[in-house]
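The values are calculated or read from the model by the stated rules, or taken from the named source; none is laboratory data. Note that this is a predicted model, so its numbers are computed, not measured. Remember, those area values only see protein heavy atoms, side chains included, never the ligands or the DNA or RNA. Shrake-Rupley method; radii C 1.70, N 1.55, O 1.52, S 1.80 Å.
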Amino acid sequence: MASSSSTESAPVKTVQLEGKIIAITGANRGIGLGIADCCLSNGAKAIYSIDIGDTGDEFDALSAKYPNQLFALQADITKEESIQAAIDQILEKAGGLHGMVCNAGRTKHKPALDFTTEEIDQLWGVNLYGSFYSARCAARAFIKQGIMGSIVFTASMASYRPNKRVPSAPYGASKAGVRNMTHTLAMEWAQCNIRVKSVSPGLVKTAMTYWVEQQPDWEQQLKYYGGMPPLAAVEELGGACIC
């Protein structure tokens, strides 16, 4: 998320978000809220969560920790006009936008033959179309302001390989699309001084993954797969997003 305002300035050795205004889709809770926390703790001026749902206790607690720096806007990212309206509000209220984290996502795990068309449309509508619309609206704002902007997508390890325990071909396909989109947009928008990257987390401890550690053979799975035992904390993704 951090960027330098001049190509001739000295290399930046620390993450600097001072004065930055950042929008994060799906940041009312979960991974998005964890990224918001990390951005604010690294000096961001204001964070705007763009989410279709309501805020909760965790959002309120973070808002109290950073008074007048964390805000929530309601929008449906599957509709470009809705996300554009939210971006326009940010530009009007905050006077600018420097970064966008395209984080909002849905997940559903079941055998491929059991997916309904409606379920597939819901997954791709949020994960793929919503990410593209959010990025495009942000890019327009950066170009309009004449600034170096930054866009970060939340992809997934499922974009590289399937999850044997909980397969989901439509979910993995949507996240693979996000990762490919990242590469293409990074190339296309480099001439506009817009940086684009993606982060591909594995299982992260959120409300959507509560069931993972409740599996009766969870301890056996840990022994089989190895690695670091606990699920990732949402805050652990923040560093990768703000760099």
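Quick rundown of the values:
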quantity	calculated
Solvent-accessible area, 1.4 Å probe, carbon plus sulfur percent, for region 47-88	48 percent
Difference of contour (0.36 nm per residue) and Cα-Cα distance, Gln122 to Ala190	21.4 nm
Cα centroid of region 110-149 to Cα centroid of region 67-86, whole Å	14 Å
Kirkwood Rh and Cα Rg combined as Rg over Rh, evaluated for region 28-113	1.01
Convex hull projection area averaged over all views, region 129-199, Cα basis, nm²	4.5 nm²
15 Å Cα cut-off, lysine pairs counted over region 9-103 (separation 8 or more, or different chains)	4
Dmax and Rg, reported as Rg then Dmax, of region 97-157 (C-alpha, Å)	14.7, 48
Surface accessible to a 1.4 Å probe, per residue, for the residues of region 93-141, Å²	46 Å²
